[in-house]
Amino acid sequence: MGQIIGVWIAAGLTLMIFSFLYKDNPFYKFAEHVYVGVSAAYTCFYTWDYFLMPKLINPLLQHHWLVIIPGIFGAMMLTRWFPRSAWVSRWPIAVSVGVASGLVVVQYMQGFVIPQIQNTLLPIAGPAVTFNNPITNLWNHPLNNLIIIVGTVTTLVYFYFSKKHKGFIGGTAKVGIIFIMVAFGASFGYTVMARISLLIGRIHFLINDWLLPLFRSLTH
Amino acid sequence: MRRQIPLILTFLTGIAIFIAFFIPHKPFNEVQDILLDWAIIIAGFALLLGIHSLLRKHITHIKKKDGGWGYSLILTFFFVGVFTVGIFSAIQYKGYSLTPGSLLYFVYDYMVIPLSATMFALLAFFIASAAYRAFRARRLNATLLLIAAVVVMLGRVPIMENAFFNFLSRFSDWFMFIPQMAAKRGILIGVALGAFAMSLRIILGIERTYLQ
């Protein structure tokens, strides 16, 4: 019974959201506000279950008192509610910003930037770059290495604004914009496909989980 | 003191992670995990600020009976309703409200997932109309954008099984792995270098805008 009620709620909300395709209407606005309200409350409990319980409450129950410090910092964050003491919230913000900055300086450089540069330093006249995907490897050709090098370097030059884009730099930046446009187009195509697969999922739900069982129950 | 202590805290936490990376031995290697947990706990509390801000805005709407205050009432009602459900679920399942079988899990299954999936699915239609405007092949750049998008879309989901679509499928893969990746790599290396420079400025106290 619970499942049937759930499916009807989900189907109703899905149709209300899709009604926006006709025009902005009260049904869409209703579902939109339900979405924000429900998601906000859900996020509170998600944070509680997956972050605060394992990292703050459980350690405290096991007498690991060190977690009192971030607990106090967290409480200091709430001083933003009171304008006179809002400056106290800078302390926990400073800790969060410090942790994030420290991670970027070392981990991001070692785990992301250096491997990316390493994979761009390819031999132009050597073996072609190979991928795990056997289909892609059918296209492997030493020219691929050159395309990767030229694409990466020219894209970087396009975003170099310390010198005017004239002469050699201007020409290189023009090649860069070609690569950037190709990348944006491909990313756009990829995003469209992802959204369409979501749309197919919703239509599949409406037909198979809601309408077909409804018709079956009506015809029996 | 109002500015100096936060600057010192940023410097110390940033440097602690730096040291933990270069000295992977006790107790330094534990510092990074501890500080990461601290940042997560602080972020958990920060969520309350966002929830407070959202509710304050909508409750003010309701009090003033501004245009569309009924929708603010709906939002507040559903927030309070799901929050109450969450508390009952947490009591029932010893603190873990999102345990499968709980009432909050039901809300997640039949409200949160359908609503978010439909919202994103709705974008398929708007992205198509945006594509029409962006892809009108008036200039070389727009033409390249159009070709790349069409190749990727048709290559990922071939319309039929024949030599042309087989070729397109392979070409789409090559397209994603070679020219697309090259440009993306260039952009990401640029972003990463910018983030690196900004992080250094923050740790050294040169960049202070986050304290405002």
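The values are calculated or read from the model by the stated rules, or taken from the named source; none is laboratory data. For clarity, every value in this text was computed on a predicted model and none was experimentally measured. With ideal geometry, Cβ positions are generated from the backbone for all residues, glycine too; neighbour counts draw on all protein chains shown. Protein only, heavy atoms only, side chains kept; ligands, DNA and RNA dropped before computing areas. Shrake-Rupley method; radii C 1.70, N 1.55, O 1.52, S 1.80 Å.
Less than 28 Å apart at the alpha-carbon level, and either on another chain or at least 8 residues along: which lysines does that give for B:LYS65? Cα-Cα hits under 28 Å: A:LYS23, A:LYS29, B:LYS57. Which of A:ILE207, A:PRO92, A:TYR158 sits farthest toward the positive end of the charge dipole of chain A, with +1 on the Cβ of Lys and Arg and -1 on the Cβ of Asp and Glu? Positive-end residue among those listed: A:TYR158. Across all C-alpha atoms in the protein assembly as shown, the radius of gyration and Dmax reach 26.4, 78 Å. Placing +1 on each Lys and Arg Cβ and -1 on each Asp and Glu Cβ, with no other charges, gives chain A a dipole about its Cα centre of roughly 680 debye. Listed by chain and number, the aspartates and glutamates whose C-alpha is less than 20 Å from the C-alpha of B:LYS26, apart from same-chain residues fewer than 8 away, are B:ASP37.
With +1 on the Cβ of every Lys and Arg and -1 on the Cβ of every Asp and Glu, and nothing else charged, how large is the dipole of the protein assembly as shown about its Cα centre, in debye rounded to the nearest 20? Before the final figure, lay out each step's value.
Numbers: 32 positive and 12 negative charges, 320 e Å.
Charge dipole, the protein assembly as shown, about its Cα centre: 1540 debye, nearest 20.
Counting only protein heavy atoms and using a 1.4 Å probe, what share of the accessible area of region A:1-64 belongs to carbon plus sulfur, as a whole percent? Carbon-and-sulfur percentage of accessible area, whole number: 70.
Which whole number gives the average count of other chain Cβ atoms within 10 Å of the Cβ atoms across peptide B:138-147? Could the numbers behind the result be given before it?
Values: counts 0, 1, 4, 7, 2, 2, 9, 9, 4, 5.
Shielding by partners across B:138-147 averages 4.
Taking a ≥ b ≥ c as the square roots of the eigenvalues of the alpha-carbon gyration tensor, region B:135-212 is classed prolate because a/c is 1.5 or more and a/b outweighs b/c.
Averaged across the residues of B:51-59, what count of C-beta atoms belonging to other chains lies within 10 Å of each residue's C-beta? The partial results should precede the final answer.
Details: counts 5, 3, 2, 3, 2, 1, 0, 3, 0.
The shielding value for this peptide is 2.
Peptides B:1-11, A:56-66, ordered by how many other C-beta atoms sit within 10 Å of their residues on average, highest first, read B:1-11, A:56-66.
With every protein chain present, what is the per residue accessible area of region B:1-66 (1.4 Å probe, Å²)? Working shown, then result.
Numbers: 4020 Å² over 66 residues.
Counting only protein heavy atoms, the per-residue value for region B:1-66 is 61 Å².
Bridgeable lysines around A:LYS163 (alpha carbons under 20 Å apart, same-chain partners fewer than 8 residues away excluded): A:LYS174.
Could you run the numbers on buried accessible area between A and B, total for both chains, 1.4 angstrom probe, in Å² to the nearest 100?
Working: alone 17690 and 17140 Å², together 23990 Å².
Interface area, both chains combined: 10800 Å², rounded to the nearest 100.
Candidates A:LEU56, B:ILE178, B:GLY101 compared by Cα position along the dipole of the protein assembly as shown: farthest toward the positive end lies B:ILE178, with charges placed on Cβ.
Report, in order of residue number, the helices in chain B meeting two criteria: a C-alpha extent of 30 Å or more along the helix axis, and a mean Kyte-Doolittle hydropathy of at least 1.0; treat each whole DSSP H run as one helix.
On the way: long enough: B:28-64 (55 Å, 0.72); B:69-92 (34 Å, 1.65); B:113-134 (31 Å, 1.53); B:181-203 (32 Å, 1.49).
Helices meeting the criterion: B:69-92, B:113-134, B:181-203.
Averaged per residue, region B:96-212 has 51 square angstrom of accessible surface, using a 1.4 angstrom probe with ligands and nucleic acids left out. The separation of region A:44-68 from region B:31-70, counted between C-alpha centres, amounts to 19 Å.
How many partner chain Cβ atoms sit within 10 Å of a residue's Cβ in peptide B:192-204, on average, as a whole number?
If you average over the peptide's residues, the count of other-chain Cβ atoms is 5.
Do any trypsin sites (Lys or Arg not before Pro) in region B:35-138 lie in a loop, going by DSSP, with at most 15 other beta-carbon atoms within 10 Å of their beta carbon, and if so which? Before the final figure, lay out each step's value.
On the way: sites: B:ARG56, B:LYS57, B:LYS63, B:LYS64, B:LYS65, B:LYS94, B:ARG133, B:ARG136, B:ARG138; in loops: B:LYS65, B:LYS94, B:ARG136, B:ARG138.
Here the trypsin sites (Lys or Arg not before Pro) that fit, given the DSSP loop and packing criteria, are B:LYS65, B:LYS94, B:ARG136, B:ARG138.
When you count the other C-beta atoms within 10 angstrom of each residue and take the mean per peptide, B:193-203, A:112-122 line up highest first as B:193-203, A:112-122.
The protection proxy used here, the mean number of other Cβ atoms lying within 10 Å of each residue, ranks peptides A:72-80, A:40-48 as follows, highest first: A:40-48, A:72-80.
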